[in-house]
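First comes the structure, then the notes that go with it.
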Amino acid sequence: MPMSPPSPRRRISADNLLVLLAVGRLGRFTSAAESLELNHTTVSRRIAELEATLGGPVLTRTSGGLELTELGQEALAAAEQVEGAVSDLRPRRDGTSRLQGLVRVSTSDGFGAHVAGPALARVQRRHPRLSIEIVTATRRASQYRSGVDLEIIVGEQQVYRAESSKLTDYTLALYATREYLESAGTPATAAELADHPLVYYIESMLQVDDLDAIRRGISSRRDSLTSTNVFVQLEATRAGAGIGLLPRFMASPCTDLVPVLPDDVSSTLSFWLVARRESLRRPAVAAVVSGLREYVADHQRLLVGER
């Protein structure tokens, strides 16, 4: 008796693969829906269709967002090939870059304004169809990086299902106005800082261990005006609120500020890049990383605060 022919396999939708690509990179249906200009229900339905076609789950839900299963990782690799093929088909006028899409970067407010902003503006000029969003927050690395493609954080940290690499060093130092020092006196030793108010982060709300360790190492026993925003710290110092512990790349260009104990009190920290492995494979994210590295290499003197 002849064997029955195998049932035809359902075709995999390229559109569904591209939806998985967005979800895998951003970690949430809502974030993927926003980037694709779809609604949440459509994204959920597309993923369900893909799982039915492949015969298993491609995503698993965690406390911090959605993660790819082993099957999902395999499907993502195919989705990246689809994305590349589609990009190659798009016309390119006058040598304009084919790179397009959205890249969302999370970084601290000071670094975002002074380094990431100009660096990524240069990237966007090179790739006019690329959209870049900069979200500012001074915090530890996220465990699941939902909603962002790339994080720039202070200090090396343990990360989950991601890759981290050092971007650049930078220096924190003490600054004050000449008027403040004339009125309150200029400390001659680190011990004399105890007589001066310190302008810095709010200690109880500081999430970054490296920044917290520096505060504990300064002998000042009283804070004056503190803030979670480094721009508030900078302007409070310039207004004479006390001695500010500030990034040199922000304070050094301010001609109304002078260094305090520059040879005795300073600390070199580092910014690190953190991203999901699947995000780093995106040409658009790779272009952003390359642009950041190029910019910090060109501006090392700014980052360490040399005048």
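The values are calculated or read from the model by the stated rules, or taken from the named source; none is laboratory data. This one's a predicted model, so the numbers in the text were calculated from it and none came from an experiment. Cβ coordinates were reconstructed from backbone atoms using ideal geometry, including for glycine residues, and neighbour counts include every protein chain displayed.
Only one of 239, 213, 251, 275 is in the same structural domain as residue 116 (by TED's automatic domain parsing) and either at pLDDT 90 or above or among the aliphatic types (A, V, I, L, M) (or both); which?
Values: 239 fails: in the same structural domain as residue 116 (by TED's automatic domain parsing); 213 fails: in the same structural domain as residue 116 (by TED's automatic domain parsing); 251 fails: in the same structural domain as residue 116 (by TED's automatic domain parsing).
Result of the check over 239, 213, 251, 275: 275.
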- Task: For segment 190-205, state whether one or more residues are without any contact (Cβ under 8 Å) to a residue 60 or more places away in the chain and within 20 Å of residue 152 (Cα to Cα).
- Result: yes
- Query: Taking the condition part of a helix (DSSP H, G or I), outside the structural domain of residue 70 (by TED's automatic domain parsing), touching an Asp or Glu at 6+ places or on another chain (Cβ under 7 Å) and surrounded by 14 or more Cβ atoms within 10 Å (Cβ to Cβ), does residue 232 pass?
  - Reply: no
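Under the condition of being farther than 22 Å from residue 103 by Cα and without any contact (Cβ under 8 Å) to a residue 60 or more places away in the chain, which residue from segment 12-43 is nearest to the chain's Cα centre (by Cα)?
It comes out as 41.
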- Query: Does segment 2-19 contain any residue that is at pLDDT below 80, hydrophobic (A, V, I, L, M, F, W, C) and over 26 Å from residue 129 (Cα atoms)?
  - Reply: yes
- Message: All but one of (1) closer than 30 Å to residue 300 by Cβ; (2) in contact with a Gly (Cβ under 7 Å, 6 or more places away or on another chain); (3) surrounded by 14 or more Cβ atoms within 10 Å (Cβ to Cβ); (4) not polar (S, T, N, Q) hold for residue 209; state the number of the condition that does not hold.
- Response: (3)
- Query: If you check residue 116 against the conditions, is it modelled with pLDDT of 80 or more, part of a helix (DSSP H, G or I), in contact with a Ser or Thr (Cβ under 7 Å, 6 or more places away or on another chain) and crowded, with 21+ Cβ neighbours inside 10 Å?
  - Reply: yes
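Yes/no matrix, rows are residues, columns are (1) within 21 Å of the chain's Cα centre (by Cα); (2) at pLDDT 90 or above:
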{"position": "78", "(1), (2)": "no, no"}
{"position": "89", "(1), (2)": "no, no"}
{"position": "100", "(1), (2)": "yes, no"}
{"position": "103", "(1), (2)": "yes, no"}
{"position": "107", "(1), (2)": "yes, yes"}
{"position": "127", "(1), (2)": "yes, yes"}
{"position": "132", "(1), (2)": "yes, yes"}
{"position": "135", "(1), (2)": "yes, no"}
